[in-house]
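The values are calculated or read from the model by the stated rules, or taken from the named source; none is laboratory data. For clarity, every value in this text was computed on a predicted model and none was experimentally measured. Methodologically, a virtual Cβ is constructed for each residue, glycine included, from the backbone with ideal geometry; neighbour enumeration extends over all protein chains shown.
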Amino acid sequence: MKRILFIVTGVLYLFFMGCNAGQGNKNKQESHSTEQPHEHTEETHSHDEDQHVHDQENTNQAHEHQQEQEQEHEQKHTHEHDQDQTHEHGNNNESHTHTHSDQEGDEHSKNEEHNHGHEYVVEKIQPGSFHEVLRTSGEIMHLPKNKANLVAPVSGIVEFADNSVLSGKSVKKDEILLKISGESVAEDNLLVKYQKSKNTFRQAKEDYERAQKLKKEQLISEKEYLQHKTHYLNAKSDFETMKTHVEKNSGVVKSNIPGYLKDVLVEEGDHVKAGQKVAYVVNNNRLMLKAEVSQRYASRLDDFSSANFETPDGKLYHTGELNGKLVSTGKSTTNESFYLPVYFSIDNTSGLVPGSFVHIFLIGEKKHDVLALPKGAFIEEQGNFFVYVEKDNEFQKTAVTIGAEDGKKILVKSGIKAGDRVVTHGAFQVKMEQMASSLPAHGHSH
């Protein structure tokens, strides 16, 4: 019995010991499961920190690399820009040179039109020749032989040839423009005159032919024969004159020169008398330039043999380029003007308009060893004139005293000397750029 009790007690002891061991293992497992995620989290966090540091280092390196590239690009751009702004000045006819990088080529092409407006020209000036010039005013006119007054050949009622008979119409020689009908006019009727002239001519012709036969037979005297001949010739002349102005029983007005209708003085249905002016026809192929000169230059008029003239649209012409010839110089004034006229004939190859008032520069004696600059070299300020002289790679505004002008150049009396480098074209652009505290972007040197 004791033995059995001992065995049962041992079994229970083993049982309780096994339960305690299982509980301990379970706690250890729970403790281990709790600690394991924490350790993993720490490892993950440590890995993330390493990754963040690595990314930061990469970012810094990339940023530093980008800064280095930008610095290199800026240095390169600055170098190229310095090259673009470099002007190599030469002597006499050397030009400003410009160096452009390939990257700036496209940009320069895009801005080429804009830069063109900023061009200026620098030249080393030297003495030359200049013609003495007398500036005056005048007018472009028609030559006397190139205009015609059309008159009514007979009295009657005006009828236009067609609806195009208006000022400016181009006409040909002998073209019919107007017709004069005398049917409704009792007095000085055209048809009656024409018929009388025709009958007189026929009668005179028959008498003359009969007189020729009688003279051969010596049946009439020489004097009587000549009387018949004279009467016949007069009748023929009158009839042919009348015939040229009559067509289909109406008087006609023809243009006796080619050109265009300058003015029509009558209207459809007007009554006109024989000899009355009805229209003007002019020819513009060759014109006349009239210069009006003050009387104080009367003694010098023979010195002028050619001229430049400026039309209202600003264009400048030279008489020599238009086959111009000096026609005459006035020796006295007229009731209409106190000026002395000087006339040139010129070809109208440039669309000159008769009646236009122009500025005229009469060209006279030639002067040598003088300084003259193009008009584009001067800046006018309150009646004073200035030019820009290049010194020490800068443009200096210099006052000058000017003389005569021939329409293209102006004589310089003082202020500059031979050998100076002067802006001869684009002076106004230089002025504007200096006001903006910068030099022009483009220039040329000669």
*asked:* Being closer than 26 Å to LYS409 by Cβ, basic (Lys, Arg) and in contact with a Gly (Cβ under 7 Å, 6 or more places away or on another chain): is that true of LYS290 here?
replied: yes
*Given LEU326, LEU373, which one is more than 30 Å from ASN146 (Cα to Cα) and at pLDDT 90 or above?*
LEU373
_Of all residues being out of contact with any strand residue (DSSP E or B) (no Cβ under 6 Å at 6 or more places or on another chain) and either free of Cβ contacts under 8 Å to residues at least 24 places away in the same chain or surrounded by fewer than 17 Cβ atoms within 10 Å (Cβ to Cβ) (or both) in the stretch 239-257, which is farthest from LYS169 (Cα to Cα)? Just the residue, please._
GLU240
*asked:* Residue pairs, Cβ under 8 Å, 6 or more apart or interchain, first in the stretch 209-237 and without any contact (Cβ under 8 Å) to a residue 40 or more places away in the chain and within 19 Å of LYS198 (Cα to Cα), second surrounded by 12 or more Cβ atoms within 10 Å (Cβ to Cβ) and among the basic types (Lys, Arg). List them.
replied: HIS228/ARG210; TYR232/LYS205; ALA235/LYS205; LYS236/LYS205
_Residue, surrounded by the most Cβ atoms within 10 Å (Cβ to Cβ), within the stretch 157-172, restricted to residues that are assigned to a loop (DSSP other than H, G, I, E, B) and over 35 Å from the mean Cα position of the chain (by Cα)_ = ALA161
*Looking at GLU183, GLU175, GLU206, which is the one that is under 57 Å from the mean Cα position of the chain (by Cα), at pLDDT 90 or above, of a type in the set (Asp, Glu) and more than 30 Å from VAL422 (Cα to Cα)?*
GLU175
*Go through the residues of the stretch 377-392 one by one and say whether even a single one is of a type in the set (Asp, Glu), in contact with a Leu (Cβ under 8 Å, 6 or more places away or on another chain) and within 27 Å of LEU362 (Cβ to Cβ).*
no
*Looking only at residues in the stretch 388-434 that are polar (S, T, N, Q) and touching a residue at least 12 places away in the same chain (Cβ under 8 Å), which one is surrounded by the fewest Cβ atoms within 10 Å (Cβ to Cβ)?*
ASN393
_Candidates ASP392, ASP420, filtered to the one that is modelled with pLDDT of 85 or more and on the phi < 0 side of the Ramachandran plot_ = ASP420
*Given the residues GLY314, GLY364, which is the only one that is of a type in the set (Gly, Ala, Ser), surrounded by 13 or more Cβ atoms within 10 Å (Cβ to Cβ) and under 27 Å from GLU292 (Cα atoms)?*
GLY364
*asked:* Condition (residue is closer than 13 Å to ALA148 by Cβ, aromatic (Phe, Trp, Tyr) and at pLDDT 90 or above) applied to the stretch 248-263: is it met by at least one residue?
replied: yes
*Keeping to the stretch 317-361, report how many residues are assigned to a helix (DSSP H, G or I) and either polar (S, T, N, Q) or buried (at least 20 other Cβ atoms within 10 Å of the Cβ) (or both).*
2
*Is there a residue being touching a helix residue (DSSP H, G or I) at 6+ places or on another chain (Cβ under 6 Å), in the same structural domain as ASP302 (by TED's automatic domain parsing) and not in a strand (DSSP E or B) anywhere in the stretch 371-380?*
yes
